[in-house]
Amino acid sequence: MTTVREESLRCPRCSCVFLATGLASYGFAGKDTDGRPFFWGLNPLPFFVKTCPECDFSAFSADFSLETRLSSRQEASLPAPQKYLKAAFCYDELGNIIQAARCYQHAGWLFEDEKEEGKAHKCYRDASSRYLEIAEKEENLEYLFLGGECARKAGDIEMAREIFDDILQRPLLPPELKELVFKSRSNL
Ligand SMILES: [Zn+2]
């Protein structure tokens, strides 16, 4: 069950202290093939990222520091997908490609919920290219798979198929990953 609480955060970029809605608890039962958790109750996704009301810096909550001092400032009021897009931009600037990929993917999920297919596809494409970049740099098959999953969700079916087939030819493929790849490939 998702429960929220008010928390006081300090922006790492401009030191502004502001109040935001944080998560006290949340839970999920299983995950989709692309890693999206099936959350119980209220969707907690909008509360994972924060936007500074002073300088617009946006990131996952863990990249802000918790403060005990309360502030009269409130977090910047933005729709959740826009917060994720801003956070993706900030992570790109910081050279944190994996967090940028996650933010684009999360924005894709939220746009999908809002039936904004075109915007969701663009986010998935932006997530896919970043996952693939990291996958190549770190020779990481899980990121390669996520690159394929995001390509699949962006509607780039041929690209997704090529990636899944590539993974299935790799030696010493972990059984759980193999199962996920088969499942996603059957959804093409
Ligand atoms: Zn700031």
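Data for the structure
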| read-out | value |
| --- | --- |
| Residue count, the range 1-24 (criterion: near the ligand (Cβ under 10 Å from one of its atoms), surrounded by fewer than 18 Cβ atoms within 10 Å (Cβ to Cβ) and in contact (Cβ under 8 Å) with a residue 40 or more places away in the chain) | 5 |
| Residue, surrounded by the most Cβ atoms within 10 Å (Cβ to Cβ), within the range 53-77, restricted to residues that are aliphatic (A, V, I, L, M) and within 11 Å of the ligand (Cβ to nearest atom) | A59 |
| Residue match in the range 160-177 (condition: at pLDDT 95 or above, within 28 Å of C14 (Cα to Cα) and assigned to a helix (DSSP H, G or I)) | no |
| Filter result (small (G, A, S) and in contact with a helix residue (DSSP H, G or I) (Cβ under 7 Å, 6 or more places away or on another chain)) within the range 129-181 | A135, G147, G148, A151, A154, G155, A160 |
| Qualifying residue in the range 36-52 (condition: surrounded by 14 or more Cβ atoms within 10 Å (Cβ to Cβ), assigned to a loop (DSSP other than H, G, I, E, B) and within 12 Å of the ligand (Cβ to nearest atom)) | yes |
| Qualifying residue in the range 108-121 (condition: touching a Phe, Trp or Tyr at 6+ places or on another chain (Cβ under 9 Å) and either exposed (fewer than 15 other Cβ atoms within 10 Å of the Cβ) or modelled with pLDDT under 95 (or both)) | yes |
| Tally, over the range 126-148, of residues that are under 14 Å from the mean Cα position of the chain (by Cα) and surrounded by fewer than 23 Cβ atoms within 10 Å (Cβ to Cβ) | 3 |
| Answer residue from the range 53-78, given it is of a type in the set (A, V, I, L, M) and in a loop (DSSP other than H, G, I, E, B) and is modelled with the lowest pLDDT among those | L70 |
| Scan of the range 2-20 for residues that are small (G, A, S) and assigned to a strand (DSSP E or B), ordered by number | S8, A20 |
| Residue within the range 133-148 that is closer than 25 Å to P79 by Cβ and not hydrophobic (A, V, I, L, M, F, W, C) present | no |
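The values are calculated or read from the model by the stated rules, or taken from the named source; none is laboratory data. Quantities reported herein were computed from a predicted structural model and do not represent experimental measurements. Every residue, glycine as well, gets a Cβ built from its backbone with ideal geometry; the counts of neighbours run over all protein chains shown.
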